[in-house]
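Inspection log for the structure reproduced underneath, given as structure tokens.
The values are calculated or read from the model by the stated rules, or taken from the named source; none is laboratory data. Note that the structure is predicted; figures quoted are calculated from it, not measured. No Cβ is skipped: glycine too gets one built from the backbone with ideal geometry, and neighbour counts run over all protein chains shown. Ligands, DNA and RNA are excluded from the accessible area calculation, which covers all protein heavy atoms including side chains. Shrake-Rupley method; radii C 1.70, N 1.55, O 1.52, S 1.80 Å.
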Amino acid sequence: MEPMIEQPSTPEPLVEIFTLPVGWPIEVRSHPRFERPLEVSVRQAALLTSAPWVRSVGNPKMEVRTQGWKFPVPPDRPPTPLQAKQDKAPESGRVAKVLPLSALPEEAREEIEQALTQAGEIQASDHPTTETTKAPDSSTEQEPTRLKPPRETVLFKDRLLYLLQPPLESLFGNNKVTLPFDPYPYQVKGIAFLMPRHHALIADEMGLGKTVQVIVALRLLFHAGLIGKVLIVCPKPLVINWSRELRLWAPDVPFEVINGDLEQRRYQWHVSNCPVKLVNYELLTRDVAELADERCHYDVVVLDEAQRIKSRDSKTASAVCSIRRNRSWAMSGTPIENKIEDLINIFAFVDPNRIPRDAPPRMLRELTGDYLLRRTKDMVVGDMPPRIIKDVYLELTPAQREAYDLAEKEGVIHLNALGNTITVQHVFELVMRLKQICNFDLRTNESIKLEQLMSDMEEVAANGRKAIVFSQWTEPLERLAKALAPFGPLLYHGKVPHSQRQGILDQFQHDPTKHVILMSYGTGSVGLNLQFTNYVFLYDRWWNPAIEDQAINRAHRLGQKSSVFVSRFICENTIEKRIAEILEAKRALFNEMIEGNGPPSSLGLTEEEVFGLFDISARPKRAA
């Protein structure tokens with residue numbers, strides 16, 4: 001028996017248990033801020049009270065007024081015999097208030113009159129058509145003008161916005177919008193046409209004030225806070241006139257003219273935040289790459305003389321149509337110059353999707369009727385004065401400016417060198433030389449006045465009108481005759497034999513291809529009756545305004561059935577402007593003296609005023 005061997009036993013593991021505290025002590029402390037009593041502080045903040053930052057909600061108190069009439073006859077129409085029999089005397093102590101039909105909005109009035117017509121209460125003769133309506137008498141009270149949105153405005157809130165606007169006449173003549181002159185009634189209607197439209201072509205005949213209507217409409221939109229950035233594009237000669245009209249009709253709207261070298265223009269395009277920018281077509285076409293920048297986005301783009309883009313494939317049309325914009329307005333007195341495509345191409349900018357390229361001509365009126373406004377002089381003759389005079393300020397071309405500055409500098413040096421031997425005749429010789437340079441540069445034959453006259457004559461001829469052009473000299477008239485050949489010019493000056501003069505006048509009156517007659521002041525200012533003419537251009541100014549008035553009265557005289565529009569060409573920063581300022585001051589003084597029954601004075605320039613035209617220290621020697 002083998003002995004038992006005891007195996008060593010494995011020691012059991014020892015387990016040691018520790019007690020760990022699992023409770024977290026909680027300490028409560030008060031914040032020092034709450035140990036102090038609360039204080040209420042009041043801070044004053046200034047509110048922006050000027051438009052367009054703030055709009056008043058009006059009177060919060062709701063008032064309901066009811067006014068009515070015994071339907072279907074409104075109070076301003078006599079009741080029919082049947083209704084007269086049925087009407088009973090009102091109860092004592094009850095007075096019915098009625099609302100005149102003329103006080104209703106136009107849409108409501110049309111609906112009521114249509115209902116009356118269907119009911120047989122109004123005869124057809126009570127509704128004169130547009131063709132039979134006479135021109136409104138300016139002495140009668142005009143109907144208030146309200147904004148009327150396009151027929152295609154279908155959203156109720158948009159139509160309600162315009163319906164609730166007050167009449168435009170209530171905005172003028174008070175502290176809201178002050179204007180230098182009261183717009184004519186047809187101009188107020190033009191403003192009401194433009195404001196609610198994102199796409200519009202105003203095609204009034206030349207002289208009816210398209211520029212004024214556009215500026216006032218833009219100004220009202222600025223005041224309403226509906227627009228903030230505007231770009232106006234116009235021909236280069238018209239930039240200075242747009243600048244003057246903006247200062248006159250919208251003095252509270254800043255603007256800048258885009259010009260200078262590329263770096264300066266780039267700053268104006270991208271950095272300047274001026275609300276209105278004015279640029280000519282040539283610079284716009286040159287800066288088309290700058291317009292591609294996303295910062296060049298405008299609320300309104302206005303094209304003046306929009307017939308410049310009548311060729312769809314031209315660089316000018318391509319540049320204009322590439323501008324990013326919300327509203328597109330165009331201005332043109334001749335939207336159709338040669339063919340119907342002219343209007344279609346203008347609408348390619350105004351509303352690119354409105355007229356298909358293959359649209360038949362008979363559909364154009366229907367497609368564009370609600371976005372095109374056209375008035376002629378005959379249509380608004382009752383609203384306008386018999387004679388309208390407009391000063392057209394122009395900047396000399398570079399060649400003219402160089403020649404003018406050199407001639408004036410050398411002329412002043414020569415006059416001062418004469419000393420006390422100087423005479424008025426010496427000064428007149430310099431004045432004549434400078435005025436001739438303002439007409440034409442003798443070396444290059446350039447003329448800013450001719451550029452403007454050509455543009456104006458295109459519109460005159462397109463509308464079937466006639467014009468007179470006056471000048472002091474026969475030489476510029478001869479040059480103008482060659483340049484104005486497309487308009488059938490006729491010459492009438494001192495070199496024309498007397499035996500031929502009456503035949504020239506008869507041809508001008510009866511030949512529809514003869515749109516312009518070129519006259520010298522000495523020959524054409526007296527003894528002629530040209531009341532069939534509507535336009536007068538003073539190519540250069542005469543010394544005495546009385547002579548100019550005689551020339552203007554060749555067209556503005558008894559028998560004239562339309563207003564006469566007079567354009568006086570004046571070159572900026574030249575002798576022409578200095579003379580014009582002196583003569584206008586003397587004319588105003590003369591009118592004041594006449595109204596006060598004072599003695600009339602000469603309207604010409606005195607000797608001292610002639611010497612004061614230049615920086616001349618020399619004076620003629622006086623006898624002791």
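Legend: Rg and Dmax of region 294-367, from Cα coordinates, 12.3, 41 Å. Taking every alpha-carbon pair in region 427-512 and binning the separations at 5 Å intervals from zero gives 3, 11, 22, 22, 18, 12, 8, 3, 1 percent.
With a Cα cut-off of under 24 Å and a minimum spacing of 8 residues unless on different chains, the lysine pairs in region 368-475 number 9. Here region 485-551 yields Rg over Rh of 0.94, to two decimals, using C-alpha coordinates and the Kirkwood radius.
If you take the square roots of the eigenvalues of the alpha-carbon gyration tensor of region 244-313 and sort them as a ≥ b ≥ c, do you get rounded (a/c under 1.5), prolate (a/b over b/c) or oblate?
Details: a/c = 1.71, a/b = 1.12, b/c = 1.53.
Note, shape of region 244-313 comes out oblate.
First check a/c for region 279-414, with a ≥ b ≥ c the square roots of the eigenvalues of its C-alpha gyration tensor; if it is under 1.5, answer rounded, and if not, answer prolate when a/b is larger than b/c or oblate otherwise.
Values: a/c = 2.51, a/b = 1.43, b/c = 1.75.
Since a/c reaches 1.5 but b/c is at least a/b, the shape of region 279-414 is classed as oblate.
Surface composition of region 302-451: carbon plus sulfur atoms hold 51% of the accessible area, using a 1.4 angstrom probe and ignoring ligands, DNA and RNA. Averaging the sequence gap over all C-alpha pairs within less than 8 Å and six or more residues apart, then dividing by the number of residues, gives region 158-270 a relative contact order of 21 percent.
Centroid-to-centroid, using Cα positions, region 390-414 and region 482-497 are 27 Å apart. Full extension of the chain between Q264 and A483 yields a length gain of 75.3 nm, computed as 0.36 nm times the residue separation minus the alpha carbon distance. Remark: region 308-466 carries 48 Å² of accessible area per residue (probe radius 1.4 Å; ligands, DNA and RNA excluded).
Would you kindly work out the equivalent ellipsoid of region 427-471 from its C-alpha gyration tensor and give its semi-axes, the square roots of five times the eigenvalues, largest first in whole Å? Walk me through the numbers before you get to the answer.
Numbers: eigenvalues 151, 32, 6 Å².
Calculated on Cα positions only, the semi-axes equal 27, 13, 6 Å.
Normalised by the number of residues in region 204-272, the average gap of Cα pairs under 8 Å and 6 or more apart makes the relative contact order 32 percent. Across region 463-540, Cα pairs under 8 Å and at least six residues apart give a relative contact order of 53 percent. Only the Cβ atoms of Lys and Arg (+1) and of Asp and Glu (-1) were treated as charged; on that basis the dipole of region 206-357 about its Cα centre amounts to roughly 200 debye. Under 5 Å from the amide H of A467 lie the amide H atoms of V516, I517, each residue being 5 or more positions distant or on a separate chain, with H modelled from the backbone and absent for Pro and chain starts.
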